[in-house]
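Undergrad: Okay, here's the structure, questions in a sec.
Each reported figure results from applying straightforward, stated rules to the coordinates on display, with no laboratory input. Treat the numbers as computed from the prediction; the structure is a model and nothing was measured. A quick note on method: Cβ atoms are made from the backbone with ideal geometry, for glycine too, and the neighbour counts reach across all protein chains shown.
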Amino acid sequence: MAVFAEGTPCWADVQLPDIEAGKRFYGELFGWTFDPVTLEARIDGRRAAGLVPKRDGRMPTTWTVYLATGDAGVLARRIEAAGGRMVMAPYPVGPYGVTALAADPGGAVFGLRQGGERDDGFQTRMEPGSFCWMEVYTREKDAVDTFYAAVFGYVAQDLAEGSLDYQVWSPPGSRPGDDTSFGGRAVITDAFPAEMPGHVLIYFAVQDVDAACAATVRMGGRITNEPFDTPHGRIAVLTDNQGARFGVLAEPAAEGDSAKGGSAKGDSAEGFRTGDAPEGEPEVEGSAETGAGTRAGTGAEAGEESLADRPAPGSTAKTAEKSAEKPDDMT
C-alpha cells in the first residue's frame, strides 16, 4: 500500500444532487467510468475521484479535496488550536478509515482522511482526467499562512510577481521546489467580488482545455474563466451542469514529445502550478457551516505515489494576475 505524506491531497469528491447526471457529465468530460457501489470514478481501472449524493439541499454543490493524516483526532485538535475549526468532527467510515471536514481561519473548507483497511486514495494523478493541483484562496493571508505551517508543517515558497502574492507548498520535511509542491495559497484581492469567500479550488489535468470548455458548455455547464495560456500550460475554470466548480489544465507538450499533446506529465504524486481565481459564488464553495462532500466509501486512505518531474513554478503568478484583471462572472 502506498503512503501519502501528511497533509497532502489524497482524494477528491464532488457532492451532487443528481448522481446520474454527474456520471454522464464527468464520464464524457474526463472519460471516467464509475464503480456501481462506491461511485468512485476510474481511469483505466484506477481510482481518480468520487461522486457523492447530495442528500441535504442546504449543503453546497462542490468539489472537496481531502488531506492525508495518520490520526484525524490529533489533527483536529491541532486545527482548532491553530485558529481553524472543525465543520464535521472525525468519524469512522468502516474499512475506509476516518474522515472529517475542517475550515481554515479564512473559511476555506477541506477534508481530512485517515486511512483504513481499504486503500481507496488516488491511484492516478497528473494524467488527463485526474487531479493535479489544489489552491487555497483567502482574504486572511497571514493567519492562513501561519495556520497551514503550524497544522501541517508545509514548506512554503513565496512567488511574487509585481503586486501578486502567491505561496507554493511542499510536504513537511521536503525541499521546496517544483519536484515536491502539491498546492498553493492565493490572496483574494479587491479585484474580486466582495462576496467571494475563502475556498479551495482543485484542478484536473486534460489534454485539450478548449475541448474541455466546449464539452462543458454542450452538456449544460459553463465557463467561469475563459481559457488562457501560461508559460507552463493552458488553463480554464469551469462549472459543471449542477453548479460545482473546478479547474482544468493542459500542460504543453515537451520538446520532442508532440504525441502527448497538452497532457500533463506522467503519474506524479503532486500537482501542477496553476492560479486562476474562481468565480465568486458563495453557495458553490459555501461557508464552513455548510460542510462539503463526504461519505463512507469515497474518502481517501493514506497512500502516495512516487514523485515525478514537474514544470517550474511560475504559472501561478501569471494566472492569478490574469484573473485579477478580469474578475469572475457573478451569474
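Undergrad: For the range 82-142, what ratio Rg/Rh do Cα atoms give with a Kirkwood hydrodynamic radius?
TA: Answer for the range 82-142: 1.05.
Undergrad: Continuing with the same structure: Asp56 to Ala143: FRET efficiency via 1/(1 + (r/R0)^6), r the Cβ-Cβ distance, R0 22 Å, to the nearest 0.05?
TA: For R0 = 22 Å, the calculated efficiency reads 0.15.
Undergrad: At what distance in angstrom do the alpha carbon centres of the range 129-148 and the range 1-67 lie from each other?
TA: A separation of 20 Å, based on Cα centres.
Undergrad: What ³J(HN,Hα) values, in whole Hz, does the Karplus curve 6.51 cos²θ - 1.76 cosθ + 1.60 give for the range 80-94 when θ = phi - 60°, with x put for Gly and Pro?
TA: Once rounded to whole Hz, the list reads 5, 5, 8, x, x, 8, 8, 7, 9, 4, x, 9, x, 10, x.
Undergrad: Say each of Arg222 and Asp35 gets a label point 7 Å from the Cα, pointing the same way as Cα to Cβ; how far apart are those two points in nm?
TA: Each label point is offset 7 Å from its Cα along the Cβ direction, giving 3.5 nm.
Undergrad: Arranged from highest to lowest average of other beta-carbon atoms within 10 Å per residue, in what order do the peptides 145-153, 66-74, 171-179 appear?
TA: 66-74, 145-153, 171-179
Undergrad: Can I ask one more? May I ask which residue of Ala102, Gly115, Gly83 lies farthest towards the positive end of the charge dipole of the range 83-131, with charges of +1 (Lys, Arg) and -1 (Asp, Glu) on Cβ and the Cα centre as origin?
TA: So the residue we want is Gly83.
Undergrad: While we're here: Would you mind checking which residues have amide H under 5 Å from Val3's amide H? H placed 1.01 Å from N; only 5 or more apart, or other chain.
TA: Hits under the 5 Å cutoff: Glu304.
Undergrad: Out of every Cα-Cα pair in the range 145-231, what percent are more than 19 Å apart?
TA: Percent of Cα pairs beyond 19 Å in the range 145-231: 56.
Undergrad: Starting from the coordinates of the alpha-carbon atoms of the range 4-106, obtain the Kirkwood hydrodynamic radius over all distinct pairs and give the value in Å to one decimal.
TA: So the Kirkwood estimate lands at 15.1 Å.
Undergrad: In debye to the nearest 20, how big a dipole does the range 108-169 give about its Cα centre with +1 on each Lys and Arg Cβ and -1 on each Asp and Glu Cβ?
TA: 160
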